[in-house]
Amino acid sequence: MTRAPAELDAIVRAALADIAPEIDADNVAVNDNIRDSFDLDSIDFLGFVEALHAATGIDIPERDYRTVETVAACVAYLGRRMADGASG
Amino acid sequence: VVSRGPSGPPRASLAAAVGRLMERSKREIPHFYLSEDIDLNAALAWLTAMNDQRSVDQRLLPAALLLRAVVVALRDAPDLNGHFVDGCFAPRDDVQLGLAVSMRQGGLIAPVIRDAHTLDLQSLMGAMRDVVGRARAGSLRSSDLGPATITVTNLGEQGAASVFGVIIPPQVAIVGFGRVTERVWVADGMIGIRSVVTASLSADHRASHGHRGSRFLTTLAKRLATPEELL
């Protein structure tokens, strides 16, 4: 299954709003480091990864956490994993 | 400014209550402070290997392993776990584990992981997530705020390198963990780079003393060196 980047962008922002309701998720800059900008701790980030898993079926392994710290990076990562899944 | 979570107490009054409690603690409790740098290489490598096999909802965080190590180390440190009431210390066999949680919009609260001594690592992880989640959502239950027998404060990855907490009366100890950092480390005559956490103990001198506190921190380090036994 693949999804359009715009759809993935919305999924990522919804996951962010899910773990930190006080964030104005729609207006987070795509290249902001979400961990630093919103002071997310490891429990928050685990919740974020869980929310992405629930929405996309993609389980991001721990070793890839460092590569999904911005909205843009998440969208790219999820898109790539979905394309890999679709072709493989 | 008074703001309110979904169902929590007004934040300004919460901050004032915490302030009064800390003021009383510093006035009444003769604190002493110890710290120990603990090599977490084995613990973190073990966690990484475990988590590699687990789906996201089953993964364990280093914070859970630290809490579990504290609970296990307390078995040999009865004078750190309990309450000081009416001029004497009453140790406890059970562990009601207070956890200092910073609220994202400011403020601090220390809900309790109940009967932590009965929880294995996975259960403790779940209990920690539940209680932190409820604290941040402003939906703590009255049972979450029941009296702890000891408290842990963990600054996490965005925090400073070490923390020395203020004991919450009538408890007699608070264990602190700073941020895990990579440091140059000497062991067995060899220099290497290790992931290290500074663990601290603030304790009540009426209930324990430096020697006993030191033994607790040493035990904690030993427990974290054999993480597979903390399951």
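None of the figures in this text is laboratory data; all of them are computed from the coordinates on show. The structure presented is a predicted model; accordingly, all values stated were derived computationally and were not measured. Glycine also receives a Cβ, built like all others from the backbone with ideal geometry; neighbour counts cover every protein chain displayed.
Points to keep in mind about this one:
- Debye, to nearest 20: dipole size of the protein assembly as shown, +1 on Lys, Arg Cβ, -1 on Asp, Glu Cβ: 720 debye
- For the pair B:Ser143 and B:Arg54 in one chain, pulling the backbone fully straight at 0.36 nm per residue adds 29.0 nm over the alpha carbon distance.
- Cβ-placed point charges (K, R +1; D, E -1), dipole of the range B:120-212 about Cα centre in debye, nearest 20: 180 debye
- Charging the Cβ of each Asp and Glu at -1 and of each Lys and Arg at +1, and nothing else, the dipole of the range B:85-128 about its Cα centre rounds to 280 debye.
- Proximity of backbone amide H atoms, modeled 1.01 Å from N, is registered between B:Leu108 and B:Met103 at under 5 Å, excluding neighbours fewer than 5 places apart on the same chain.
- Added length on full extension, which subtracts the Cα-Cα distance from 0.36 nm per residue, A:Asp39 to A:Ala54: 3.1 nm
- Net charge of neighbours whose Cβ lies under 15 Å from the Cβ of A:Ala83, counting Lys and Arg as +1 and Asp and Glu as -1: +1
- With Cα atoms defining each centre, the range B:91-107 and the range A:27-88 are spaced 29 Å apart in the structure.
- Computed over the protein assembly as shown, the ratio Rg/Rh where both radii use C-alpha atoms and Rh is Kirkwood: 0.99
- Per-residue mean of foreign Cβ neighbours for A:37-43 is 6 (Cβ atoms of other chains, 10 Å radius).
- Placing unit charges on each Cβ (+1 for Lys and Arg, -1 for Asp and Glu) gives the range B:22-61 a dipole about its Cα centre, and among B:Leu47, B:Ile29, B:Leu61 the Cα reaching farthest toward its positive end belongs to B:Ile29.
- For the range A:1-72, the residue among A:Thr56, A:Leu46, A:Ala20 whose Cα projects farthest onto the positive side of the dipole built from Cβ charges is A:Thr56.
- Mean Kyte hydropathy of 1.0 or more with a Cα span along the axis of at least 15 Å, helices from DSSP in chain B: B:62-73
- Of every Cα-Cα pair in chain A, the percent that sits beyond 16 Å: 46 percent
- Packing order of peptides A:45-51, B:94-100, B:208-214, highest average first: B:94-100, A:45-51, B:208-214 (average count of other Cβ atoms within 10 Å over each peptide's residues).
- Translational diffusion of chain B, µm² s⁻¹ [Kirkwood Rh, Cα pairs; Stokes-Einstein; 20 °C; 1.002 mPa s]: 118 µm²/s
- The residues packed around B:Val180, meaning those with a beta-carbon under 13 Å from its beta-carbon, carry a net charge of -2 if Lys and Arg are +1 and Asp and Glu are -1.
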